[in-house]
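Worksheet for the structure shown next.
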Amino acid sequence: MAQAYDGAIGRTRTAIVHVTDPHGTLVAVQVHTSVDASRDPALVDRLYGETLNVARFAGGEPMPLAVPVVYHDPSAEVMVLVLGEAHRHRELEERIAVIERLRDDPAAIPPYVKDFAVVFGPAGLRAHLAQRAHLRDAAAELDRTPQQLEREASELDTLRAEPRVGDTDRFEVPIEPGEPGDLVEPGDLGTSVEPVAPRASAASGDLGTSVEPVAPGASAASVAPGASAASVAPGASAASVEPGASVEPGDDPLTTEVTELPLEGAAGEILDAMVARGESGCHLGPAGVQVVVIAGEALARGLHGALDVRIVLHRTPGYPVAALVIGPPAALRAAAMAQLAVIPLDVAAERDRAVLHELARTFELTTALIIRGQAFRRCKLTAPLAANVAYILHAADDHLRGLAGDGEPDYGAARDLVLGAGFDLLGTEHPERAEFRDDKLAQIASAQPVRRALAMARRFTRPSREDYLVCTRGFPLPRWRQLRRDLLERAVGWGLWMGPDLAQVAVSEGLARSRRDLIGKLERGFEGLQHDVDAFDIDADAAADNATALAEESRALGGQLRPVKANGAGAIASDTNSVVSGSISSTPARGTPWTPEAWSTEDLIAQLERPGGTRGGRPQRVAAALALCDRADPRAAAPVVAAALKMNRSEAVRVLARSTRFGAAAFPALLDGLASSKAFLRHGAALALALLRSEGATHEVVKLLLSEPTELWREIARAIGQIGSAALTPLAHHFERLGERTRPAEERVAWAMAHIAVRGGKAAISAIAEGPSMVAPIAARALGLLVFAASDHVREPSEPTASGAERDLTVNHAFSRQFFEALDRGLSETAAEPADLDPGDAGEP
């Protein structure tokens, strides 16, 4: 970016400080003094989680070090000096120290650096960044076109017709079909339902549970999470619903239990006072937490059926605001705010704090839903959110303490911000939204999905992301921890290495007595897994990686594992065992040399089903496949690619590379390769499809780029560069179709564009960057990556990688190199080499 600061202070930097350990010895400790947020997001997570500058001594507790840290995000043009809470009296001295460093820096100093902010602690940094985001959004309002203003005015008129919580205006809106002019009375919102016949209980773990029938005349009915129908007494005001139908695969599960209560108990002094004021709210009474929702007719339409509840916390720059959110399950998951009741809570107010303390003990809400001054429904909501409330209370108190020195906290302004239009109350625009899938965590039937679930669990075990789950998403904390424990229990049983953080969780959960004991269990479990044909569905490379990780962890703990079998799958390699003298050998008989001309296409296709080796002059499977590729007979395309998808890595890379000679005939079969559970087959199929350069093939490769769960996406981005400028439209199309445009997706598209640019598409990328499209900022980012892409890199050299990711990048790059080598002389006809670049044109990385 033109305004980005490139000076030394804005880069990630470290220093050595001397710390006195518990024994009185001065120990040298490396600390971070500056963090570049765009290049080192992992360090930002540690800064947020207060684990960035921490000294660890043998036999002692971790010791946080109050080291000033410069936070710099050049992409957002933000520089902040983060001081510890204990250094509030040193703000001027530390500010002067940074200014003196800037004075001695030869780099140009843009305004945002010259006017850097000072905050105290991670909470202060979060609040400052949140405030900047809010101000940026407000400034964007000034840049709207007349067409946008006209469209937004129309949308505003629609929203005004859908009143939110607290709107007590009387609208004459019919709920059920009827004669024109019919008005809806409070008791008409629900429909009378006959008692539901008994059903068998659902299996353990299902969302649905059985619902007991309600006798005629009964005043209450229970709605279990995910039940297929809510049984209510004839004449009751609740309607029959199917909550499970509102929860799609991948959505957070419905965990709220709804128990209908008689309307007669809805009266009370506090309720009457709230109704008189037209004010929704909650209070703690003798019967527990009582909630009153004052609803207009439009809101009430959603509140007469299935209900779900969340509690969230938003740490605004001026105050932490907790909020109860009640509404239909589908509306909660889609953040359809016009259909949701939102009740803010002041964590410092005595009444609201008493409510929160009670909910932290047991999360039960006796809820009265009011329309036109009368109750139309009364029910009890029970959810596994007590631990969430306790977490939120602690987080809110921490945030309040961080605001103590920044003037008088303002709950009213913070509440208005949280309840205001456009505020992301339920975190639907959060970058982690698409990364967490409850259903994927529960898929532990075989080794491959367990490994994928472990990757997700590792991600959200980190404090900053667990905070997102609880405070922003409102995901039940007990469910997250139970899913994680079940996953770890399966991983330990099968010997799948889960990483150091989850290993510590496994020990703390009682799955092993110590780390050493855990490694022993993993060793035995992995050996047993390799003999389980149903569960062992990972490829040899993944098995070898797992064995290597276990061996390294064992050595780190001073132990040693037994040797792992050479093929990583538990089978004994044939060349490691002796052969009894006189037994029949597997050595092939000698025959006449085989040449492709000696076999018909049909005979060669028949050989594809044979295992490797040569017998009686017959061609082996790989040789047959390569010969068919050279003939390029369209009839052989599907059989050859299908055979390649059953080969090992070294065989598949040769056959998939040569399969491009079939042209369009290979397209349908290569699509099967994109769906393979083996990464190297997805890799080879993507490279082959990219070289086909057809419209359909390009769209499929772009879709894989945006959905690939591993570091393989980087090689796919490079493969898209082989397609050239024709891939730009599919890239923009699929990116814009994403429901949530996360930063990882933007990074993937930027790298693909960079690889296109160095292969002759730079002019097109530059035109996109200067235009008004949604992908213009991404194209600008791509231009900044040209230097790296021109050197055939797939990441910036300073970009941090997770444990094991560096090896993945090396292995993937080697596969790509072998693929293009296998093209032989066809390489010049199908693969585009990077264009010559003027280093000055590429821009600075």
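The values are calculated or read from the model by the stated rules, or taken from the named source; none is laboratory data. Everything numeric here is computed off the predicted structure, so don't read it as measured data. Backbone-built Cβ (ideal geometry, glycine too); neighbour counts: all protein chains shown. To get the accessible areas, we keep the full protein, side chains included, count just its heavy atoms, and leave off ligands, DNA and RNA. Shrake-Rupley method; radii C 1.70, N 1.55, O 1.52, S 1.80 Å.
Using θ = phi - 60° and the Karplus relation 6.51 cos²θ - 1.76 cosθ + 1.60, list the HN-Hα couplings for segment 651-660 in order, rounded to whole Hz, with x at every Gly or Pro.
Values per residue, Gly and Pro as x: 7, 4, 4, 6, 6, 5, 5, 6, 5, 4 Hz.
For SER34, list long-range residues whose amide hydrogen, built 1.01 Å from N in the peptide plane, is under 5 Å from its own amide hydrogen.
Counting only residues 5 or more places away or on other chains, the set is ARG13, VAL70.
Using 7 Å Cα-to-Cβ label points, what is the SER725/ALA15 separation (nm, one decimal)?
Computed distance between label sites SER725 and ALA15 equals 5.1 nm.
Any chance you could run the full-extension gain for LEU557 through ALA445? It's 0.36 nm times the residue separation minus the Cα-Cα distance, nm to one decimal.
Full extension from LEU557 to ALA445 adds 37.3 nm.
Using the heavy atoms of the protein chains and a 1.4 angstrom probe, tell me the accessible area per residue for segment 659-790 in square angstrom.
About 34 Å² of surface per residue is accessible.
Going by the alpha-carbon gyration tensor, a ≥ b ≥ c the square roots of its eigenvalues, is segment 1-122 rounded (a/c under 1.5) or, if a/c is not under 1.5, prolate (a/b greater than b/c) versus oblate?
It is prolate, given that a/c is not under 1.5 and a/b is the larger ratio.
Expressed as a whole percentage, what fraction of the accessible surface of segment 508-555 belongs to carbon and sulfur atoms when a 1.4 Å probe is rolled over the protein heavy atoms?
46 percent
Please give the length that would be gained between HIS813 and ALA606 if that part of the chain were fully extended, namely 0.36 nm times their separation in residues minus their C-alpha to C-alpha distance (nm, one decimal).
71.2 nm
Setting aside same-chain residues fewer than 8 positions from LYS703, which lysines have a Cα under 26 Å from its Cα?
Counting by Cα, and skipping residues close in sequence, LYS703 has these lysines nearby: LYS440, LYS646, LYS678, LYS762.
At a 1.4 Å probe radius, carbon and sulfur cover how many percent of the accessible area of segment 14-106?
55 percent
Applying 1/(1 + (r/R0)^6) with R0 = 35 Å to the Cβ-Cβ distance of ARG437 and SER514, what FRET efficiency is obtained, to the nearest 0.05?
About 0.65, to the nearest 0.05.
Under a crude label model (7 Å from the Cα following the beta-carbon direction), how far is HIS531 from ALA348 in nanometres?
6.5 nm
For the pair VAL54 and ALA28, what calculated FRET efficiency results from E = 1/(1 + (r/R0)^6), where r is the Cβ-Cβ distance and R0 = 25 Å, to the nearest 0.05?
0.95
Using 1/(1 + (r/R0)^6) with R0 = 45 angstrom and r between the beta carbons of ASP105 and ASN648, what's the FRET efficiency to the nearest 0.05?
Once rounded, the FRET efficiency stands at 0.25.
Looking only at segment 313-355, which residues have a backbone nitrogen under 19 Å from a spot 7 Å from the Cα of ALA421 in the C-beta direction?
It comes to 335-342, nothing else.
Students often check this: by mean Cβ neighbours within 10 Å, which of 492-499, 417-424 ranks highest, and how do the rest follow?
Highest to lowest by the protection proxy: 492-499, 417-424.
Give the long-range amide H neighbours of GLY427: residues separated by 5 or more places, or on another chain, with amide H under 5 Å away, using H modelled in the peptide plane at 1.01 Å from N.
It is none; the list stays empty.
Give me the dipole magnitude in Debye, nearest 20, for segment 349-500 about the Cα centre, with unit charges on the beta carbon: positive for Lys and Arg, negative for Asp and Glu.
860 debye
Subtracting the Cα-Cα distance from 0.36 nm times the residue separation, let me have the gained length for GLN374 to ALA66 in nm, one decimal.
Contour length minus Cα-Cα distance gives 105.2 nm.
Ranked highest first by the average count of other Cβ atoms within 10 Å around their residues, in what order do 313-325, 700-712 fall?
Highest-to-lowest ranking by the protection proxy: 313-325, 700-712.
Residue by residue through segment 279-291, what is 3J(HN,Hα) from phi via Karplus (6.51 cos²θ - 1.76 cosθ + 1.60, θ = phi - 60°)? Round to whole Hz and write x for glycine and proline.
10, 6, x, 9, 8, 9, x, x, 9, x, 7, 10, 10
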